[in-house]
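Every number here is computed from the coordinates shown, using simple stated rules; none is lab data. Nothing here was measured: the structure is a model prediction, and the numbers come from that model. Cβ placement follows ideal geometry from the backbone for every residue including glycine, while neighbour counts extend to all protein chains displayed.
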Amino acid sequence: MTGKQAYSFYNRTSGENVRLVLNYRSDKEQKEQIINDYLNFEPEKLFKVTKTKIEFPEKARLFKSYKCEKCGEITASNYIRIQEDKKVCIDCFNNYNRFKV
Ligand SMILES: [Zn+2]
């Protein structure tokens, strides 16, 4: 998360990877004009292409989902916190950390 429009792709079977960094910024103002601008740009000039900088990520795990008992939104269990004996999502969680550790 560096604020760049950079996208990393991996092929688990072959081990190949590629990192695409958007190399161009449209100067158009309307959404449709911007999309059209990008679609008509040559892909080789639109992106800087390199190998990925991030290690091959572990295979995605599947987590059980819970309904946040405060906002009602469904959240994966690894993002659930217990607050006042209720399962709550991170958005609703009021962290208690007196020592800022
Ligand atoms: Zn919530």
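What the table shows:
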read-out	value
Mean residue ellipticity (222 nm) of the chain, computed from DSSP H runs ≥ 4 via -39,500 (n - 2.57), nearest 500	-3000 deg cm²/dmol
Most positive-pole-ward Cα, ILE35, THR50, TYR24, against dipole of the chain from beta carbon charges	THR50
Charge dipole (debye, nearest 20) of the chain; +1 at Cβ of Lys and Arg, -1 at Cβ of Asp and Glu	500 debye
Sequence of ILE54, ILE34 once ranked by neighbouring C-beta atoms within 10 Å, starting from the fewest	ILE54, ILE34
Size of the chain as Cα extents on the principal axes (Å, biggest first)	55, 40, 30
At R0 = 25 Å, FRET efficiency that the Cβ-Cβ distance of TYR66 and ASN94 yields, to 0.05	0.90
Rg to Rh, two decimals, where the range 1-49 supplies the alpha carbon set and Rh follows Kirkwood	1.08
